[in-house]
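Just below is one structure, and these are the notes that go with it.
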Amino acid sequence: MPQYRRSCAPGGTFFLTLVTYRRTPLFSQPENVSRLRAAIVKTRTERPFEITGAVVLPDHIHFLWTLPPNDSDYSQRVSRLKILFTRSLRGTRSLPENVCASRRKHRESDIWQRRFWEHTIRDQADLTRHLNYIHYNPVKHGLVSCPHLWEYSSFHTWVKKGGYQPDWACSCCGRMPQIPDFPEIVFGESG
């Protein structure tokens, strides 16, 4: 059985990707995005962290989380977030009725892939690359033509802070966007 080793960087910033089971487009329903937000708020109340960047796509989520000093346990936070979101679906008939034996054994439903992708941010350039990746992701997946058109993204917050121009990677009005390059961001099957 493989042993998964997670990075340990107290107070670090981590890029995380969480994917729904079999890429079910759960987050194409606004009420599920609201449930996800509530689960994030509750998780942050129990185990604080800063959300540096985020994008919610129909079947997966990318986060940049910064943890408090002397704390590197993002795995526990991801686990809690998944549990809280899954519990919020109970009673809405959103949970499948026939869960496979392996998932029953591990007390899992068919909401999330078991594991998640993580990457420890090394420096400012790495942070910038991952923020760009997050904010361009809805365009990459063909959901919108420009980052500013995707509602469920931290792009709008970063524009307000001055971190991005509102027309970053924009193709509105026939413009040719300058598409960011992500040569060092490599994923398994979850990108």
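Assuming charge only on the beta carbon of Lys and Arg (+1) and of Asp and Glu (-1), the dipole of the range 13-174 about its Cα centre is about 700 debye to the nearest 20.
Pairs of Lys residues in the range 13-174 that lie 8 or more places apart, or on two chains, and have C-alpha atoms under 30 angstrom apart add up to 10. The convex hull built on the alpha-carbon positions of the range 13-174 has an orientation-averaged projected area of 10.7 nm². Potential lengthening of the chain between Thr120 and Ser28 amounts to 30.3 nm, from the contour at 0.36 nm per residue minus the alpha-carbon distance.
All of the numbers you see were taken from the coordinates with simple rules; none came from a lab. What you see is a predicted model, and the numbers here were worked out from it, not measured in a lab. Note: ideal-geometry Cβ built from the backbone for every residue, glycine included; neighbour counts use all protein chains shown.
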